[in-house]
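Some notes on the structure that comes next.
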Amino acid sequence: MNFEQLTLSPQAATVMFCITCLAGYQYRRVWKREGPRYQYWLFGTIAALGLVTLGLIPLNVAG
């Protein structure tokens, strides 16, 4: 696999951003309620992976 050609489409990045935001919001709600630990890990991992992916993989923009 050629990692130099790995890019995200704007639509995929938007969907990933929304999922990441919702996971971060759920993580905070679980943290404030002192909910189950598995939910900390679930929502925190989803949010972290989404942020890392959005931060490190460039967008494919025409131009």
Within the stretch 16-45, residues within 26 Å of GLN5 (Cβ to Cβ) and surrounded by 13 or more Cβ atoms within 10 Å (Cβ to Cβ) come out as MET16, PHE17, ILE19, THR20
Sole residue being within 11 Å of the chain's Cα centre (by Cα), among the aliphatic types (A, V, I, L, M) and not in a strand (DSSP E or B), chosen from MET16, MET1: MET16
Inspect the stretch 21-32 for any residue being modelled with pLDDT under 95 and either at positive phi or part of a loop (DSSP other than H, G, I, E, B) (or both) and give the result as yes or no. no
What is the residue count in the stretch 1-38 for residues that are closer than 16 Å to VAL61 by Cα, out of contact with any strand residue (DSSP E or B) (no Cβ under 8 Å at 6 or more places or on another chain) and among the polar types (S, T, N, Q)? 3
Among the residues of the stretch 46-62, count how many are touching a strand residue (DSSP E or B) at 6+ places or on another chain (Cβ under 6 Å) and either surrounded by fewer than 15 Cβ atoms within 10 Å (Cβ to Cβ) or among the charged types (D, E, K, R) (or both). 1
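So that you can scan it fast, the table gives a plain yes or no per residue for (1) in contact with a helix residue (DSSP H, G or I) (Cβ under 6 Å, 6 or more places away or on another chain); (2) touching a residue at least 12 places away in the same chain (Cβ under 8 Å); (3) not hydroxyl-bearing (Ser, Thr, Tyr):
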position: ASN2; (1), (2), (3): no, no, yes
position: PRO10; (1), (2), (3): no, yes, yes
position: THR14; (1), (2), (3): no, no, no
position: GLY24; (1), (2), (3): yes, yes, yes
position: PRO58; (1), (2), (3): no, yes, yes
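The values are calculated or read from the model by the stated rules, or taken from the named source; none is laboratory data. These numbers come from a predicted model, not from an experiment. So basically every Cβ, Gly included, is an ideal-geometry build from the backbone, and we count neighbours across all protein chains shown.
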